[in-house]
1. Could you tell me the accessible area of Val392 in Å² (1.4 Å probe, neighbours in place), rounded to the nearest ten?
2. Rounded to a whole number, what is D in µm²/s for the chain from Stokes-Einstein with the Kirkwood radius over alpha-carbon pairs (4 °C, 1.567 mPa s)?
3. Mind checking Rg over Rh on region 249-348, alpha carbons, Kirkwood formula for Rh?
4. Suppose R0 equals 51 Å. What FRET efficiency, 1/(1 + (r/R0)^6) with r the Cβ-Cβ distance, do Thr106 and Val338 give to the nearest 0.05?
5. Give me the number: length gained by fully extending Arg128 to Arg73, i.e. 0.36 nm times residue separation minus the C-alpha to C-alpha distance, one decimal in nm.
6. Keeping all protein chains in position, work out how much accessible area Ser26 exposes to a 1.4 Å probe, and write it in Å² to the nearest 10.
7. What nm distance separates the two modelled labels at Ala408 and His146, each placed 7 Å from Cα along Cα→Cβ?
8. Using a 1.4 angstrom probe, figure out how much accessible area the chain has per residue, in square angstrom, rounded to the nearest whole.
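The values are calculated or read from the model by the stated rules, or taken from the named source; none is laboratory data. Note that this is a predicted model, so its numbers are computed, not measured. Positions of Cβ are backbone-derived with ideal geometry, glycine not excepted, and every protein chain shown enters the neighbour counts. Ligands, DNA and RNA are stripped out before the accessible areas are found, and what is left, the full protein with its side chains, is counted by its heavy atoms. Shrake-Rupley method; radii C 1.70, N 1.55, O 1.52, S 1.80 Å.
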Amino acid sequence: MSQHLWSGRFDAAPDPAAFDFGISFSFDRRLFEDDVTGSLAWAEALAQAGVLDAADAHAIREGLVEILEHGRRDPAWVNGDDEDVHSFVERQLVARIGDAGRRLHTGRSRNEQVSVDLRLYLRRRIPRLQEALCAVVTALADQAEHAGAALMPSYTHLRRAMPVLVSHYLLSHAAALQRDHARLGQARNEADALPLGSGAIAGTGYPVDTAALAARLGFSRVVANSMDASSDRDFAATFLYATTLAMVHQSRVAEDMILFTSEEFGYFELADASATGSSMMPQKKNPDPLELVRGKAGRSIGHLTGLLVTMKGLPTGYNKDLQEDKEPLFDAEDTLAVSATATAAVVARLTLRSDRTGRAASGLLLATDVADYLVASGMPFRQAHEVVGAMVRQLLTDGRDIEALSLAEWRAFSPLFAEDVKSRITALESVRARRTPQSTNPDAVRSRLADLRAWLAAS
Ligand code: ARG
């Protein structure tokens with residue numbers, strides 16, 4: 001490679017020790033398609049502004065389309081010694097059509113070009129991540145449907161709290177993932193502004209119709225300020241935040257399932273196909289994919305933090321530091337895509353052990369329901385809390401459970417306990433007694449599952 005896009009100003013060849021350090025083609029080649037898309041529209045805009053004559057505009061269009069087709073046919077071709085993807089495309093164009101190719105960059109800077117490329121890239125790739133999240137939500141919804149009326153304990157402070165439907169628990173994770181889906185959509189909206197026309201920083205001097213250009217590229221608006229646009233990577237940070245929070249949520253699914261499939265809990269059985277063995281201990285069935293998802297969340301958080309730190313000290317205008325936006329962004333995308341795929345696969349193959357979850361859902365965690373029983377019979381809640389607290393203390397001392405109490409024993413704690421206490425104080429009655437739409441009430445959960453199915457069908 002003899003020439004760079006900026007060689008004219010220099011009389012010495014670049015020192016490889018400095019120049020090679022700045023080469024970004026090995027990773028920004030991923031923006032190839034977007035770079036060509038942006039250039040096709042720019043050429044059109046220059047033609048409409050009368051900057052390019054019809055013949056040159058035609059030649060540029062033909063050349064770029066050929067380059068795009070070549071790159072799509074043979075992605076490995078988009079490679080080599082060029083400084084970046086922008087230089088590669090321009091060099092290929094000039095090689096094909098000569099001088100007309102040298103007119104394409106009129107009025108345009110790589111500063112805005114890399115921004116438009118990245119915005120186009122995110123716009124086309126975010127929907128794929130949303131699909132990956134939908135696969136996890138689908139797996140959770142399927143498991144929720146399967147779980148039927150199965151009960152399990154819910155936890156606060158990782159101590160048994162109140163009985164819930166297993167389906168209610170599974171849909172709790174789906175609710176967080178739905179927000180992630182929406183957040184990715186917001187990141188996509190933020191990227192949806194055309195930076196072209198900003199030039200290197202002060203704006204372009206050619207009468208380019210930016211509104212028409214935005215429409216041609218499918219952007220809903222044009223950026224407000226060329227100086228801001230040249231170094232604005234907020235949309236990239238928003239994207240990293242959205243992917244990172246989605247990773248945090250997958251990590252929490254993973255952590256739950258690592259616990260719940262352990263010998264200690266045994267609430268779900270991890271499929272053999274989702275597990276790995278130990279090279280030494282023959283009995284082991286390890287949840288490696290879940291652990292990796294949990295581990296990769298840390299990597300994502302690092303990318304978000306890294307970009308924010310890169311951005312925080314920049315003087316106004318483009319600075320080469322911004323080239324550091326791409327690798328974390330691409331890696332965050334890949335990390336979320338593979339993690340969601342793995343999470344969906346593991347969740348889809350879980351087997352619920354409703355005997356164990358059901359057993360764990362009864363006993364002392366019905367204490368709140370016992371207190372509510374007394375409240376229904378007229379006792380103030382504070383007093384009921386105290387009566388039931390004493391009851392729990394007694395049961396713990398005796399090593400017995402609520403279900404083991406005879407009616408006489410119930411009534412010894414309070415005469416308000418009547419004949420119906422044994423049938424009223426069960427885990428199933430407990431979930432039925434919840435009343436709000438967001439609760440574990442079986443009718444409410446059935447409704448939420450139907451809402452979720454409708455959302456999936458529309459997403
Ligand atoms: N590779 C550069 C980046 O990723 C492209 C923009 C270069 N602009 C410049 N003035 N050097 O940010």
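1. Around 40 Å² of this residue is reachable by solvent.
2. Translational D for this selection: 49 µm²/s.
3. 1.17
4. Working: r = 42 Å, r/R0 = 0.81.
Using R0 = 51 Å, I get an efficiency of 0.75.
5. Length gained, Arg128 through Arg73: 17.7 nm.
6. Here the accessible area works out near 90 Å².
7. In this crude spin-label approximation the distance works out to 4.8 nm.
8. Numbers: 21890 Å² over 459 residues.
Accessible area per residue, the chain: 48 Å².
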